[in-house]
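**Student:** Following this message is one structure expressed as structure tokens.
The values are calculated or read from the model by the stated rules, or taken from the named source; none is laboratory data. Keep in mind it's a predicted model, so treat the numbers as computed, not measured. Here the Cβ positions follow ideal geometry from the backbone for every residue, glycine too, while neighbour counts run over all protein chains shown. Heads up: the accessible areas ignore ligands, DNA and RNA and are worked out on the full protein's heavy atoms, side chains in. Shrake-Rupley method; radii C 1.70, N 1.55, O 1.52, S 1.80 Å.
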Amino acid sequence: MTTKSSSPPSHATDSLETRSVHAGEPRPRPSGALVAPIYQSSTYEYHGEDYHDVAYLRLSTTPSQVSVGRKIAALEGAEAALVTASGMAAISATLMAFTSAGDHILAQDCLYGGTQSFLRGDLSRFGVEHSAIDPQRPESWAAQLKPTTRLIYVETLTNPLVQVADLEAVVAFAREHDLISVIDNTFASPVNFRPAEHGFDLVMESCTKYMNGHSDLVAGSVAGSAEKVRRIKLTLDHLGGCLDPHACFLLQRGLKTLTLRVRAQNASALALARLLDSHPAVAQVNYPGLKGHPEHARAAALFDGFGGMVSFELEGGTTAAEALLEAVTLPTVAVSLGGPETLMVRPAAAIHSQASAEQREASGITEGLIRMSVGLEGTDDLLADLAQALEQVG
Ligand SMILES: *Cc1c(COP(=O)(O)O)cnc(C)c1O
């Protein structure tokens, strides 16, 4: 059957551009089609496989799921990858696959909201504890270790302050203490950073964002060794968070332009960050590509690009922030990121509104902070629009 037929070439040594186009595509091409078909079939002929290997959609064994998983593995520079129904499906299945009641996780103190509430609200109910670690102070991590610590969990770039943890120290610490190192690479995408090449055991992406890049689906992935990815698949098979064939098709298509999109977004984001940085109406700009960013040197050493996410505060605080969101004409006010359209949002209102004002202040998320996901519009158009909006509020 198709999933068992000869594996396509991995393209593992090709450039990222070539991998994004060709890796994982079914070979020979089904009926000669250049674009992999959507295999809209829940079940397939049975050939005596064991339960987890039966070709059935929920078991992530069908051609659409297998080929997009192979493309992502090639892009991450990992042995294997599994696609999931959302980023949170990848994160929850991964954390559940490697912990049991009584176990403990070290997790970066500022995490994506869904991940934070999964750790606090769900995993803790099942007896899995976690401690928050300061990602900039590796010397403080050992004191938080317990005999039951299994895993260390970080994000490549934090939301919304785009801070960069000491990622090399995370890998070294995990090796020294026999922990599984897990990273959510959503904000960077494999174009800007490939954690597996730096020794991370498992790499998560919310493919909803840059990986698909078109604001038209929700999906996730986890990449790593075949053995670890298999273990996550066994858990996902029971949780039921498989990716449907049509979403696989869209994701496969989106991935073909990943490198071009992300590099364009990197360039526009840097230009916009520089404009903000030089403008008198702006009090603070957070972008790792700016020389003044506290982790600029680390980001420059580790990353191939600084990403499309910028956050900033205006001199005029929340009132000015609200006025700016009104004054811009190209950006849309919306949550999410990584699509063709530039988005802006005030995280204190929209994303971190579940946290108390004190929790937000403690993590540096002020009321007036604006987060921007830079899209694929013309850089000059975005610069002109932001400049006219800043004049109005300044
Ligand atoms: C969006 C996001 C997620 C969750 O992804 P979904 O696809 O919405 O489930 C996880 N981590 C980060 C950093 C994200 O931005």
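**Student:** Between residue 301 and residue 139, how many nm apart are label points set 7 Å from Cα along the C-beta direction?
**Tutor:** Reported label-point gap for residue 301 and residue 139 is 1.7 nm.
**Student:** Relative to the Cα centre, what is the charge dipole magnitude of the chain, using +1 at the beta carbon of each Lys and Arg, -1 at the beta carbon of each Asp and Glu, and rounding to the nearest 20 debye? Could the numbers behind the result be given before it?
**Tutor:** On the way: 29 positive and 44 negative charges, 203 e Å.
Magnitude of the dipole: close to 980 debye.
**Student:** What is the angle, in °, between the Cα long axis of helix 63-76 and the longest principal axis of the Cα atoms in the chain? Nearest 10 is fine, range 0 to 90.
**Tutor:** 50 degrees
**Student:** Can you put 335, 170 in order of accessible area, largest first, using a 1.4 Å probe? It would help to have the intermediate numbers written out before the result.
**Tutor:** Details: 335 85, 170 0 Å².
Order by accessible area, largest first: 335, 170.
**Student:** Right, another one. Using the Cβ atoms and a cut-off under 14 Å, what net charge is assigned to the surroundings of residue 138, where Lys and Arg are +1 and Asp and Glu are -1? Don't skip to the answer; put the middle values down first.
**Tutor:** Details: positive: 137, 175, 298; negative: 109, 134, 139, 166, 168, 176, 295.
Its environment carries a net charge of -4.
**Student:** On a 1.4 Å probe surface of the protein chains, which of 242, 207 comes out largest in accessible area, and what is the full order? All intermediate terms of the calculation are to be shown ahead of the outcome.
**Tutor:** Values: 242 35, 207 0 Å².
From most accessible down to least: 242, 207.
**Student:** Another question, then. Determine the shape class of segment 276-389: with a ≥ b ≥ c the square roots of the Cα gyration tensor eigenvalues, call it rounded for a/c under 1.5, and otherwise prolate if a/b is greater than b/c, oblate otherwise.
**Tutor:** Values: a/c = 1.39, a/b = 1.05, b/c = 1.32.
In terms of gyration-tensor shape, rounded.
**Student:** Express the accessible area of the chain per residue in Å², computed with a 1.4 Å probe while the remaining protein chains stay in the model. Mind showing how you got there, number by number?
**Tutor:** Working: 15880 Å² over 394 residues.
With all protein chains present, the chain gives 40 Å² per residue.
**Student:** Taking only C-alpha pairs under 8 Å that are 6+ residues apart, what is the relative contact order of segment 16-255 in percent?
**Tutor:** Values: 458 pairs, mean separation 64.2, N = 240.
Contact order relative to length: 27 percent.
**Student:** Report in % the part of the accessible area of the chain that belongs to carbon and sulfur, leaving out ligands and nucleic acids; probe 1.4 Å. Numbers along the way, then the final one.
**Tutor:** Values: 8340 of 15880 Å².
The value for the chain is 53 percent carbon and sulfur by accessible area.
**Student:** How far is helix 317-327 tilted, in degrees, relative to the longest principal axis of the Cα atoms in the chain, given as a value from 0 to 90 rounded to the nearest 10?
**Tutor:** 70 degrees
**Student:** Lysines within cross-link reach of residue 71: Cα-Cα under 21 Å, excluding same-chain residues under 8 positions apart?
**Tutor:** Hits, sequence-local ones excluded: 4, 209, 228, 233, 256.
**Student:** Please identify the trypsin sites (Lys or Arg not before Pro) of segment 211-315 that satisfy two criteria: DSSP loop assignment and at most 14 other Cβ atoms within 10 Å. Which are they? Working shown, then result.
**Tutor:** Details: sites: 228, 230, 231, 233, 253, 256, 261, 263, 274, 291, 298; in loops: 256, 291.
Sparse-neighbourhood loop trypsin sites (Lys or Arg not before Pro): 291.
**Student:** Skipping prolines and chain starts, which residues have an amide H placed within reach, meaning under 5 Å, of the one on residue 375, given they are 5 or more residues away or on another chain?
**Tutor:** 342, 343
**Student:** Which one of 64, 378, 220 is farthest out on the positive end of the charge dipole of the chain, using unit charges on Cβ (Lys, Arg +1; Asp, Glu -1) and the Cα centre as origin?
**Tutor:** 64
**Student:** Quick one: which residues, 5+ away or cross-chain, put their amide H under 5 Å from the amide H of residue 80? H built at 1.01 Å from N.
**Tutor:** When sequence neighbours closer than 5 places are left aside, the close amide H contacts are 224, 226.
**Student:** While we're looking at this one, here's another question. Give the ranking of 39, 287 by solvent-accessible surface, highest area first, calculated with a 1.4 Å probe.
**Tutor:** Values: 39 55, 287 0 Å².
The ranking, largest first, comes out as 39, 287.
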